[in-house]
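Input: a single structure, listed below in structure tokens.
The values are calculated or read from the model by the stated rules, or taken from the named source; none is laboratory data. Since the structure is predicted, the reported quantities are computational estimates derived from the model, not experimental observations. Cβ placement follows ideal geometry from the backbone for every residue including glycine, while neighbour counts extend to all protein chains displayed. Accessible surface areas use protein heavy atoms only, side chains included; no ligands, DNA or RNA. Shrake-Rupley method; radii C 1.70, N 1.55, O 1.52, S 1.80 Å.
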Amino acid sequence: QEKPFEWIRGYQVGGKSLTWGRCTQRWSDFEFTGPQRFNYGWDWPIRYADVAPWYSHVEKFIGVCGNKDGLESMPDGEFLPPFELNCVEQHLKESFLKNYGDRHLVHARWAHLTKPEQVHIDQGRGQCQARNLCMRGCPFGGYFSSNSSTLPWAAKTGNLTVRPFSVVHSIIYDEQKHRAAGVRVIDAETKEATEFFARIVFVNGSSLNSNLILLNSTSNRFPNGLGNDSGILGKYICHHNYRGWMSGKIEGFEDKYVYGRNPTDAIIANYRNLHKIDTDFAGGYTTYMGAYRERGDGDRCPEQIGSTFKEAMTEPGQWHVYAYLQGETIPRETNHVRLSKDEKDQWGIPLLITSVEYDDNDERLLKDFFVQTEEMLTKAGVTDIQHNDSKWPPGLDIHEMGGCRMGNDPKTSMLDKWNALHHCKNVFVTDGACMTSTGNQSPSILYMTLTARAANHAVEELKKGNL
């Protein structure tokens, strides 16, 4: 760490799909065109229309709950029934619309099987039980993960080989054929090197590890990393700003409670800098929000066992409201990763140096979130509003992106519109490393969408003999 960075990694089979937050909003054209329209980044080589059918493809397969809200800044998708808003959340929704008109608190779009369809049953998955214990893993397959869904589905083809305890060292480049030939892998336990050969290589190591693999894939043709003629590999690393949290209390609604433990949050779709820049910062932000009732006085009961304690637990307590930020950050060349020249890990691979930090734009966006959200909550009757700037470093937001971005110009980008390296067409990068900008919506389903789209394109090119 050249600057503080908490790099959260998941090296288990299934990767981060076992631990992700499961929020699956679609990007809109505001996200794809904003950097170019407002001159704070590079133009994407694709638009919403290019990925909309593939969003549908992914949503139908993985199972996404939500409601069709008709919002321009957060397009509708192929939804299973949503988890309903509770009474306080419904009150907040109505208050925001009454006082602002363009600020919509909507049902969450999350990868949960509220009502499984046949394709999900065929995957061997079951209905979400609303236990809200998702971070422990789900034995029902109620939320999407590779282990509950795509890996078993791939296994049915008879063409799947899973090789755990494998550390990818580099991609092998064939100097004569001008294409990638395969990958070099180090066994995590024996440290033995093995080479696997293929006509197509997909790099999905999670953003920073994908950058590491490409930087470490050197050859006479590519001395600075595979496909890195532009010199931008590893640069313009960005992330999401999660530093802002808020909480408060609201009176009333004491005669109402909730059923089950909703594993999702409601969402206020981005309302900043859409058609024009209307703030002193670039980009926008999603606001996650929800309401809950605390437990009764059982925690404060002098007796922690017996009938008195049991009785104290039967009456729920105060209603609380919370909100937290997911803000866009702006790609900068100085935010980068690079390989160490003298330090290596236990498998002989150069360590990755991270040099990423927040900037003034992030601070102004964070301030706006606090000001606007407090105003909205106050108008809705929320009191005792608390602000919290966690000040945690980048990395803990877990949405690291960039370093191998898409673009039309090979001089300023690494990947074409199909996520293939401009200068090595049989290598595709479809995880967060490919991102040209961060947008404000959760990116995971966009990675899946770009992957499905790129895989389909690769197969078509393979059939044509172009790969």
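Set side by side, the residues Thr334, Thr287 differ, and just one is among the hydroxyl-bearing types (Ser, Thr, Tyr), at pLDDT 95 or above and open to solvent by less than 60 Å² (accessible area, probe 1.4 Å), which is Thr287. Look at the range 437-456: where a residue is open to solvent by 30 Å² or more (accessible area, probe 1.4 Å) and modelled with pLDDT under 95, no partner that is part of a helix (DSSP H, G or I) and among the β-branched types (Val, Ile, Thr) sits 6+ places away or on another chain with Cβ atoms under 9 Å.
Listed here are the residues, each with its yes/no results for (1) among the hydrophobic types (A, V, I, L, M, F, W, C); (2) closer than 18 Å to Asp416 by Cα.
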position	(1), (2)
Ala181	yes, no
Asn209	no, no
Asn228	no, yes
Leu233	yes, yes
Gly248	no, no
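Across the range 7-33, the qualifying residues are those that are assigned to a loop (DSSP other than H, G, I, E, B), in contact with a Ser or Thr (Cβ under 7 Å, 6 or more places away or on another chain) and modelled with pLDDT of 95 or more, and the one among them that is surrounded by the fewest Cβ atoms within 10 Å (Cβ to Cβ) is Ser28.
Got a number for residues in the range 208-245 being of a type outside the set (A, V, I, L, M, F, W, C), closer than 21 Å to Asp359 by Cα and in contact with an Asp or Glu (Cβ under 7 Å, 6 or more places away or on another chain)?
Taking the range 208-245 first, the residues of a type outside the set (A, V, I, L, M, F, W, C) are 209-211, 216-221, 223-225, 227-231, 234-236, 239-244.
Now drop any that are not closer than 21 Å to Asp359 by Cα, which leaves 234-236, 239-244.
Among the residues that remain, those that are also in contact with an Asp or Glu (Cβ under 7 Å, 6 or more places away or on another chain) are: 235-236, 239-244.
So the count comes out to 8.
Of all residues in the range 428-461, which are in a loop (DSSP other than H, G, I, E, B) and under 16 Å from Gly77 (Cα atoms)? If you could, list the steps in order and put the result at the bottom.
Of the range 428-461, the ones in a loop (DSSP other than H, G, I, E, B) are 430-431, 435-443.
Once the filter is applied, which keeps residues that are in a loop (DSSP other than H, G, I, E, B) and under 16 Å from Gly77 (Cα atoms), the range 428-461 yields Gln441, Ser442, Pro443.
Could you grab me the full set of residues in the range 13-31 that are more than 14 Å from the chain's Cα centre (by Cα) and in contact (Cβ under 8 Å) with a residue 40 or more places away in the chain? Scanning the range 13-31 gives Val13, Gly14, Ser28, Phe30, Glu31.
Yes/no matrix, rows are residues, columns are (1) in a loop (DSSP other than H, G, I, E, B); (2) within 20 Å of His57 (Cβ to Cβ); (3) among the hydrophobic types (A, V, I, L, M, F, W, C):
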position	(1), (2), (3)
His91	no, no, no
Arg125	yes, yes, no
Met135	no, no, yes
Pro139	yes, no, no
Asn147	no, no, no
Pro164	yes, no, no
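Pairing each residue of the range 300-317 that is free of Cβ contacts under 8 Å to residues at least 60 places away in the same chain and farther than 18 Å from Tyr257 by Cβ with any residue that is in a loop (DSSP other than H, G, I, E, B) and open to solvent by less than 100 Å² (accessible area, probe 1.4 Å), provided the two are 6+ apart or on different chains, yields C-beta distances under 8 Å for Thr308/Cys301; Phe309/Cys301; Phe309/Glu303. Close Cβ contacts (under 8 Å, 6 or more residues apart or on different chains) running from residues in the range 191-203 that are on the phi > 0 side of the Ramachandran plot to residues that are open to solvent by less than 40 Å² (accessible area, probe 1.4 Å) comprise Lys191/Gly348.
In the range 80-119, the qualifying residues are those that are touching a His at 6+ places or on another chain (Cβ under 9 Å) and among the aromatic types (Phe, Trp, Tyr), and the one that is least open to solvent (accessible area, probe 1.4 Å) is Phe96. From the list Asn270, Asn224, Asn228, Asn220, the one residue that fits, being of a type in the set (S, T, N, Q), open to solvent by less than 60 Å² (accessible area, probe 1.4 Å), farther than 20 Å from Phe38 by Cα and at pLDDT 95 or above, is Asn228. Among residues of the range 240-268 that are closer than 23 Å to His399 by Cα and polar (S, T, N, Q), those with a Cβ under 6 angstrom from a residue that is at pLDDT 95 or above and outside any loop (DSSP other than H, G, I, E, B), sequence gap 6+ or separate chain, pair up as Asn241/Gly327; Asn241/Asp362; Thr264/Trp110. Taken over the range 229-263, residues that are out of contact with any helix residue (DSSP H, G or I) (no Cβ under 7 Å at 6 or more places or on another chain) and assigned to a loop (DSSP other than H, G, I, E, B) amount to 16.
Is it the case that Tyr292 is assigned to a loop (DSSP other than H, G, I, E, B), at pLDDT below 95, under 24 Å from Ala130 (Cα atoms) and not hydrophobic (A, V, I, L, M, F, W, C)? Outline the logic, then answer.
Details: assigned to a loop (DSSP other than H, G, I, E, B): no; at pLDDT below 95: yes; under 24 Å from Ala130 (Cα atoms): yes; not hydrophobic (A, V, I, L, M, F, W, C): yes.
No: the conditions fail for Tyr292.
Going by the structure shown, is Gln326 over 30 Å from Ala180 (Cα atoms) and buried (at least 22 other Cβ atoms within 10 Å of the Cβ)? Yes.
The residues of the range 34-56 that are of a type in the set (Phe, Trp, Tyr) and buried (at least 17 other Cβ atoms within 10 Å of the Cβ), listed by number, are Tyr40, Trp42, Trp44, Tyr48, Trp54, Tyr55.
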